[in-house]
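The values are calculated or read from the model by the stated rules, or taken from the named source; none is laboratory data. Everything quoted here is computed from the prediction, not taken from an experiment. Neighbour counts run over all protein chains shown; Cβ positions are idealised from the backbone, glycine included. The protein model used for the area step is the full one, side chains on, heavy atoms only, and it has no ligands, DNA or RNA in it. Shrake-Rupley method; radii C 1.70, N 1.55, O 1.52, S 1.80 Å.
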Amino acid sequence: MRIIIGSPPTGGDFYPRQSVIDQLVRALEVEHVLFLAPRRTGKTSILFRLREVAPAQAAFIDLEGLDHPQFWIRSMVDSVRAINDERWLQIVKKMPDFLRGFKSDLFEISETNWEDSADHLMHDLNQLGTPVWFLLDEFPIMVDKIANRYGKAEASAALHWLRRIRQHSTGSPVRFLLTGSIGLDSVMQRHGMRGIANDLRREILPPQTKEDALAFTLQLANNNQISLDEALAREFINRLGPAIWPFFIQLFVAECQDYVLRYGEPVDLDKVYQTVALGRRNQYADNMWARLRDIFSETEASVARQILKIIATHENGLPLENLRGQLPDLPADDFRTVLDTLEHDGYLVELANGNIAFFSHLLRDYWRHKGRV
């Protein structure tokens, strides 16, 4: 297992999270899924592993660069045509008309016929009668791009087509898993689209447990010939707060390796933690800082920054009424909308005592530094 902090770890570099994989398999066997997870939390690696072990033909499709439904449907057609599983090919051979309209590489799905083509694709897949799962990454970003470039009507048409497929295909072996680094709910709310995704089964990617994270930390260090004290590793994990993500473990072990090589002495946890929280490798925190403008309007983003700046000054968070009291001029609906989105998208969490706090202590400390708190 190598230290990987840029690309999603796959194969032998992926630390198994079998319970998450099992939960997604159980869900997809009966329903369509909205898989909720912020960026840099291991979501893509999990989907890659799910693709490998799924009891179905599973296609992973990154939609981030697409800005019209025609390209989305084209990508699904291409992924189906690329399936090279022997059992699948034998089934397809028995249906010579399968994807007949899509066989030519010159065939184009246009802006005007994309929905007809999408219906054709689903009809043929249903006729096969064998499970096919589409794992659609960055689906909310695509919806946002469609709305921004072509308007709300086109984005709504894409969402309504998928809803129609979900609701009127009883017995279909086709399943959709939608996920992304920004919340689908916040995108729909921004563009005035409501209720189009409320039938999706919502599965949340949970953080690692402390014991699982400790085992991962020690295994990663050992595999890379890094001498790491168990008590020190446990203390780092305790400092993370509720958000114990594999990416943070990768960062920690990488910084420990650099520290020993640079100084030739045992790791100083305070210095390493500071580097993990504020260093250039921490793309999670930098992305979370920048993405407020992606999930909010300009006015809402300003409100979000105010809320986060206030909460960052409190080590253990603060009660909701106290937070609201520090923003008396803010309309109640705006406050609630922004706060709900910040919780939904992994910035904040309601603790057992009712306080609102940063979900990740690393992000809180980054926010303090970046925001001059």
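Listing for the model above:
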| item | result |
| --- | --- |
| So Arg336, is it surrounded by fewer than 19 Cβ atoms within 10 Å (Cβ to Cβ), part of a helix (DSSP H, G or I) and modelled with pLDDT under 90 | yes |
| First in the stretch 237-253 and closer than 24 Å to Asn316 by Cβ, second anywhere and of a type in the set (Lys, Arg) and at pLDDT 95 or above, Cβ under 6 Å, 6 or more apart | Ile237/Lys210 |
| Residue tally, condition within 20 Å of the chain's Cα centre (by Cα) and surrounded by 21 or more Cβ atoms within 10 Å (Cβ to Cβ), over the stretch 138-151 | 8 |
| Positions within the stretch 174-189 being among the aliphatic types (A, V, I, L, M) and assigned to a strand (DSSP E or B), in sequence order | Val174, Leu177, Leu178 |
| Qualifying position, being over 30 Å from Phe216 (Cα atoms), modelled with pLDDT under 95 and under 21 Å from the mean Cα position of the chain (by Cα), among Gly65, Gly42 | Gly65 |
| Filter result for Glu154 (at pLDDT 90 or above, touching a strand residue (DSSP E or B) at 6+ places or on another chain (Cβ under 9 Å) and open to solvent by 20 Å² or more (accessible area, probe 1.4 Å)) | no |
| In the stretch 301-315, the residues that are within 26 Å of the chain's Cα centre (by Cα) and open to solvent by 60 Å² or more (accessible area, probe 1.4 Å) | Arg305, Gln306, Lys309 |
| Subset of the stretch 32-55 (residues that are part of a loop (DSSP other than H, G, I, E, B) and surrounded by 17 or more Cβ atoms within 10 Å (Cβ to Cβ)) | His32, Ala37, Pro38, Arg39, Arg40, Thr41, Gly42, Ala54 |
| Single condition Ser297 does not satisfy, out of (1) without any contact (Cβ under 8 Å) to a residue 12 or more places away in the chain; (2) loosely packed, with under 14 Cβ neighbours inside 10 Å | (1) |
| Of all residues in the stretch 111-124 being surrounded by fewer than 17 Cβ atoms within 10 Å (Cβ to Cβ) and under 29 Å from the mean Cα position of the chain (by Cα), the one that is modelled with the highest pLDDT | Asp119 |
| Single residue of the stretch 190-225 satisfying the filter (assigned to a helix (DSSP H, G or I) and in contact with a helix residue (DSSP H, G or I) (Cβ under 7 Å, 6 or more places away or on another chain)) that is most open to solvent (accessible area, probe 1.4 Å) | Lys210 |
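Yes or no, residue by residue, for (1) among the hydrophobic types (A, V, I, L, M, F, W, C); (2) over 18 Å from Trp367 (Cα atoms); (3) at pLDDT below 90; (4) assigned to a helix (DSSP H, G or I):
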{"site": "Ile244", "(1), (2), (3), (4)": "yes, no, no, no"}
{"site": "Gln257", "(1), (2), (3), (4)": "no, yes, no, yes"}
{"site": "Asp270", "(1), (2), (3), (4)": "no, no, no, yes"}
{"site": "Thr275", "(1), (2), (3), (4)": "no, no, no, yes"}
{"site": "Asp286", "(1), (2), (3), (4)": "no, no, yes, yes"}
{"site": "Arg305", "(1), (2), (3), (4)": "no, no, no, yes"}
{"site": "Lys309", "(1), (2), (3), (4)": "no, no, no, yes"}
{"site": "Asn322", "(1), (2), (3), (4)": "no, yes, no, yes"}
